[in-house]
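First comes the structure, then the notes that go with it.
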Amino acid sequence: MELILKRWRNAGGALATVLFILRMVRAYVPSSVVRRLAQKLGVFSNPYVQISVHEYIKRNMTPHAAYVAVEAYLSSKSVKQATRLKAEIANNNAAAASDGKQQLALSMDKHESVCDEFCGAKVSWVACKSPPRQTKEWYPGMEGRSYKLIFHKKYRDLMVESYLNHVMKTGKEILGRNKPLKLYTNSVSGRTLWSHVAFDHPASFEKLAMDVAKKKEIVDDLVAFKEGRDFYARIGRAWKRGYLLYGPPGTGKSTVIAAMANFLNYDIYDLELTSITDNTKLKQLLAETTSKSIIVIEDIDCMLDITENRNKISARTLKVNIGKGNEESPPSKARGGSGPSKVTLSGLLNAMDGLWSTCSGERVIVFTTNHVEKLDRSRFDEKGEDGQAHRVVLLHF
């Protein structure tokens, strides 16, 4: 009994000492320093590490590819472990709908968590959601969704060097099998660079009415491109393929593009040139396109007309300024832009075939035109400079 009382007295003395020290600290140490010290003590006492994967890159609200891969990776684990799930159509395309093969893809709902194990290390994934930020623009802010990975700090090297790569690789494989195709167009609102809708087109090469030999040539060429990673790396060229589809209106050029997308299982980026202000904006748009995609630029011959009209306006403006000084014809503005469009054909082709073309691999670039005779054939040559890989394949309809 005396021993117990002695221990209580010692504990009371220690507690009084701690309280006295805390009071002195609060009285003489700035609160900012106290907060920093408390955070550091919390880090030492907390043995767990957290890694967050956000849905959007905050700098320009660009979708984060890692978030989509993590979501796909966790989909199977969510079905087995989570108690709250959200359902979305996995293969939302016309072919699947007509065959009755549409399926629901399940993933974690907000604030739900699942467990995973990798090389003996147990980890947890939590689906987080933060309220939208208030912005000065007229549209409301976007809700911030993210996945949070939690693991013991002794597994830090294993998680960073191996586990995250495993998650990304597995997630991309799942996406390649199940992802719904999307049709993107460059946005004019300024909120995001690209906006998209579900791509729902029944076109396929089996249903395409065209010459059998030409159809086989296109299909074989697409297969060789899709399986040509090592070939393009060996010859030192960007992994991309160009096609120029030409012919009168209504001959099926757009249908062939849709058949290409369904055959390759690639998304489509429909690049609207009239809404782009200059070549710099064009490069930003191309830099945000993803791999396994088809970039479509329709009616490339109209780009020549735009450039020609711009040159005529500039010459007329210069002449008027010299003669009268106060009469000037305003140049046409880009759709949705704040000034005249300054995109040039040279800038477009350089972005497609120059250094900026290496921003993302495994891309097909398709130009269409109704008047192939207007184009400079040297820029759309059927053979590349090395004589081995085609630069642009010409297809007449």
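Which order do the peptides 107-116, 292-301, 18-27, 151-160 take when ranked by the mean count of other beta-carbon atoms within 10 Å per residue, highest first?
Sorting 107-116, 292-301, 18-27, 151-160 by mean packing, highest first, produces 292-301, 107-116, 151-160, 18-27.
How high is the FRET efficiency between Glu206 and Lys153 when r is their beta carbon distance and R₀ equals 45 Å, given to the nearest 0.05? All intermediate terms of the calculation are to be shown ahead of the outcome.
Details: r = 55 Å, r/R0 = 1.23.
For R0 = 45 Å, the calculated efficiency reads 0.25.
Values quoted throughout were computed directly from the atomic coordinates according to the rules given, and no laboratory measurement underlies them. Just so we're clear, the structure is a prediction, and the values are computed from it rather than from any experiment. We place every Cβ from the backbone using ideal geometry, glycine too, and count neighbours over all the protein chains shown.
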